[in-house]
Amino acid sequence: MTTDNTQQQQAEAARYAWLLDWGTRLGVLALLLSFSAYLFGVLPPHIPVQQLPEVWNLPLASYLEHTHTPKGWNWLALAGSGDVLNLAGISLLIAASLSPLLGLIPLYLQRRDYAYASICSAALAVLVLAASGLLTGGH
């Protein structure tokens, strides 16, 4: 029984590691490409480089108002801007742990290990809820 259990753990670990590896590679690639597009002027920035020294020291509310930068997930509307597109790579890196958790759930359900499937599902729910912005604490 120990050998069978060890093989199951190795399959889980291998799947998790493979999915996490590729999610991380995708996020790093997106960061490199988006930063290169910004650096070489392929995509125009939302905030011109000349304006940055003026807005760096502003409080957040003033910065957002002065630069017309949206709050929360509304940054996606500016994803075509070179300086904002970097957030897509950061988001991909943050989300890299979602696909491995999703990949483990079928393995656990297949062997009727409902406790681990529930733990993975709960972890996914917490991550998605946190990313949704629904729990902003009044901000």
For this session: Using every Cα-Cα pair within the chain, state what percent have a distance larger than 17 Å.
Result: 71
For this session: Using Cα pairs closer than 8 Å and at least 6 residues apart in sequence, work out the relative contact order for the chain, in percent.
Result: 32
Problem set entry | Gaussian network model of the chain, Cα within-10 Å springs - most flexible of Val49, Val84, Val28 | Val49
Exercise. So which chymotrypsin sites (Phe, Trp or Tyr not before Pro) in the range 1-94 end up in coil per DSSP with only 13 or fewer other C-beta atoms within 10 Å?
Worked result: Phe40, Trp56
For this session: Would you calculate a helix-derived [θ] at 222 nm for the chain, using -39,500 (n - 2.57) for each DSSP H run of n ≥ 4 and dividing by the full residue count, to the nearest 500?
Result: -22000 deg cm²/dmol
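Each value in this text was obtained by applying a stated rule to the coordinates, not by laboratory testing. The structure displayed is predicted, hence computed values, not measured ones. Virtual Cβ from ideal backbone geometry, glycine too; neighbours counted across all protein chains shown.
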